[in-house]
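Mind looking over this structure? Questions follow.
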Amino acid sequence: MNFKSFLKFKLILMIVLFTSFGCSFAESFLPEMEPSYEVWAVDQSPTVSDGTGGLLYIWDGKDIFLKDAKNATPEIIDLAKAAKDANCEAPKKPHMILSNFTTPKASHILLANVGSGNTFFINIASREVVGCVNTLGGFNGAGGTTNSHASVASPNNKMAIVANIGAKDESGFLHKIQTNYTSDNYNLVETLALDQFANELGTSVVRPICHEFTSDSKFAYVTLAGGGLLVVDVGSADGSRPMSVAKVYDQATVPGIGCGVSRLPFNKIMTNGESGAKGGDDFLYTFDASRAIDGIFPDPVQIELPGEDTHGAVTCTDQKGDIFAITSMRVSNDVNFVDLQTNKVVATQSMATSFSPDPKPDVAHIVGNKMFIALRGSKPLSAIGSLENVRTP
């Protein structure tokens, strides 16, 4: 069964069928076929009186595909109990959930807990927490807070990097965890403090949000809360060759709150630049990473997005093989379709519905002809406080 990781938050899950737009999907299913995938999503709401916990929902793809999706019954896991069973510290505000890259299918998911500073490694088949690493304080006391926003596995499965936003109005950190998914051995081996790059970025603090590795597992493109972007040479999995910053894209070159990073074909990296809930401009960026190993980092292509507060993007391919990005706009409650051949927005679709008029669409994932998208809803538990009822006086 293919594992499709998914995000997060005060959970509402929307399934969108794109029948009016020109995207077709390589993974599309015929009605008589049973789709082989799962959808995992996390509700940040606490399940324990001390504010810890959260719920993990897992849907079987065939229940969603062959039944009326709203009647599909998920498997539900209490993360506080799962942590206790694994002798791990309880999570708080479970946030980003992503899979590793073992073949022929993913074997583990990585769950970053943005309120407790720990990362869980969960075996997909058993549903059990099989490892946990708390990066609070950092490696050898190099620094780290509870704000572990995203933990991302390298394509070669030898390491994971954790983006730690840092304390309020302070710079954050990147933490490296050496990973062995066969023996379930996970060890914090390095911490990189990012405050030293503020001047080059043109920002007062350096707060990492999301990141993605290049396909060779040698570099990570790291988005930042204050604008700008860092390209990090990730070094060795055991930390003997430390992380270093290979390129600084300053705030003027990459404006906007960075969020959402994904690999594209032809050694390209795609990121977002959002305005938050402040009414500013929003952008989609594509970076050419094909010569990163040679120290060559061209300026990105910048695509201006209509709407407000872009947060994550996924891609699909039309019948001609052209690639389109679909970007979520949290405050304006819609998604944009971007032709990545022409770098133009070609369509916009509202996500508001009768059952969720203010959905705040967040990160999505596409399977077959369906896009699964998490919605923050009108009272999100994390991120920008002004997202709550932003259009209500």
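The values are calculated or read from the model by the stated rules, or taken from the named source; none is laboratory data. The shown structure was predicted, so the numbers you read here are calculated from the model rather than taken from an experiment. In this analysis, Cβ positions are derived from the backbone assuming ideal geometry, glycine residues included, and neighbour counts consider all displayed protein chains.
Keeping to segment 211-245, report how many residues are of a type in the set (Ser, Thr, Tyr), surrounded by fewer than 23 Cβ atoms within 10 Å (Cβ to Cβ) and outside any loop (DSSP other than H, G, I, E, B).
The total comes to 1.
Starting from residues that are among the hydroxyl-bearing types (Ser, Thr, Tyr) and part of a strand (DSSP E or B), keep the ones in segment 246-271 and report whichever is modelled with the lowest pLDDT. Don't jump to the end; show me each part of the working.
Going residue by residue through segment 246-271, those that are among the hydroxyl-bearing types (Ser, Thr, Tyr) are 249, 253, 262, 271.
Filter again for part of a strand (DSSP E or B), leaving 249, 262, 271.
Details: Tyr249: 98, Ser262: 93, Thr271: 96.
Looking at residues that are among the hydroxyl-bearing types (Ser, Thr, Tyr) and part of a strand (DSSP E or B), I get Ser262.
Right, here's the next one. Can we say Ile165 is touching a residue at least 60 places away in the same chain (Cβ under 8 Å), touching a Ser or Thr at 6+ places or on another chain (Cβ under 8 Å) and of a type in the set (Val, Ile, Thr)?
yes
OK, next. State all residues of segment 158-188 that are surrounded by fewer than 20 Cβ atoms within 10 Å (Cβ to Cβ) and either touching a His at 6+ places or on another chain (Cβ under 8 Å) or within 17 Å of Asp233 (Cα to Cα) (or both); if no residue qualifies, say none.
Within segment 158-188, Lys158, Gln178 meet the criteria.
Scan segment 33-66 for residues that are closer than 20 Å to Phe372 by Cα and without any contact (Cβ under 8 Å) to a residue 12 or more places away in the chain and jot them down.
Met33, Asp63
Given the condition in contact with a Gly (Cβ under 6 Å, 6 or more places away or on another chain) and among the hydrophobic types (A, V, I, L, M, F, W, C), answer yes or no: does some residue in segment 136-144 qualify? Before you say what the answer is, go through the steps one by one.
If we filter segment 136-144 for residues that are in contact with a Gly (Cβ under 6 Å, 6 or more places away or on another chain), which is where we start, we get 136-138, 144.
Applying the additional criterion that residues be among the hydrophobic types (A, V, I, L, M, F, W, C) yields 136.
Yes, that holds for at least one residue.
Okay, next question. For Ile303, state whether it is under 22 Å from Pro255 (Cβ atoms) and at pLDDT 95 or above.
yes
Does at least one position in segment 121-129 carry a residue that is in contact (Cβ under 8 Å) with a residue 12 or more places away in the chain, within 20 Å of the chain's Cα centre (by Cα) and under 26 Å from Asp169 (Cα atoms)?
The answer is no; no qualifying residue exists.
Okay, next question. Since Ile109 meets every condition but one in (1) closer than 18 Å to Thr146 by Cβ; (2) part of a strand (DSSP E or B); (3) not basic (Lys, Arg), which condition does it not meet?
(1)
Which of the residues belonging to segment 51-88 are β-branched (Val, Ile, Thr) and touching a helix residue (DSSP H, G or I) at 6+ places or on another chain (Cβ under 8 Å)?
Of everything in segment 51-88, those that are β-branched (Val, Ile, Thr) and touching a helix residue (DSSP H, G or I) at 6+ places or on another chain (Cβ under 8 Å) turn out to be Thr52, Thr73.
Give me the residue from segment 272-295 that is touching a Lys or Arg at 6+ places or on another chain (Cβ under 9 Å) and assigned to a loop (DSSP other than H, G, I, E, B) and, out of that set, surrounded by the fewest Cβ atoms within 10 Å (Cβ to Cβ).
Within segment 272-295, the match that is surrounded by the fewest Cβ atoms within 10 Å (Cβ to Cβ) is Gly295.
Which one is modelled with the lowest pLDDT among residues in segment 77-95 that are surrounded by 19 or more Cβ atoms within 10 Å (Cβ to Cβ) and in a loop (DSSP other than H, G, I, E, B)?
Lys93
I've got another one for you. Which residues, taken from segment 353-389, are in a loop (DSSP other than H, G, I, E, B) and modelled with pLDDT of 85 or more?
Within segment 353-389, Thr353, Ser354, Pro357, Asp358, Pro359, Lys360 qualify.
Which of the strands (runs of 3 or more DSSP E) contained wholly in segment 304-352 include at least 2 residues that are out of contact with any Phe, Trp or Tyr (no Cβ under 8 Å at 6 or more places or on another chain), free of Cβ contacts under 8 Å to residues at least 60 places away in the same chain and among the aliphatic types (A, V, I, L, M)?
310-318, 323-329
Of all residues in segment 353-371 being free of Cβ contacts under 8 Å to residues at least 60 places away in the same chain and surrounded by fewer than 18 Cβ atoms within 10 Å (Cβ to Cβ), which is nearest to Met329 (Cα to Cα)?
Among those residues, the one meeting the criterion is Pro357.
Quick check: is even one residue across segment 163-170 closer than 30 Å to Ser126 by Cβ and out of contact with any helix residue (DSSP H, G or I) (no Cβ under 9 Å at 6 or more places or on another chain)? Walk me through how you get there before you give the answer.
First, the residues of segment 163-170 that are closer than 30 Å to Ser126 by Cβ: 163-164.
In the following step, the residues that additionally are out of contact with any helix residue (DSSP H, G or I) (no Cβ under 9 Å at 6 or more places or on another chain) were identified as 163-164.
Yes.
Here is a follow-up. Go through segment 171-194 and report how many residues are within 21 Å of Pro208 (Cα to Cα) and of a type in the set (Phe, Trp, Tyr).
The qualifying residues number 1.
Another question about this same structure. Among the listed residues Asn343, Asn336, which satisfies the condition of being modelled with pLDDT of 95 or more and either of a type in the set (D, E, K, R) or more than 20 Å from the chain's Cα centre (by Cα) (or both)?
Asn343
Here is a further query. Can you tell me which residues in segment 120-153 are of a type in the set (Ser, Thr, Tyr) and buried (at least 22 other Cβ atoms within 10 Å of the Cβ)?
Answer for segment 120-153, where residues must be of a type in the set (Ser, Thr, Tyr) and buried (at least 22 other Cβ atoms within 10 Å of the Cβ): Thr135, Ser148, Ser151.
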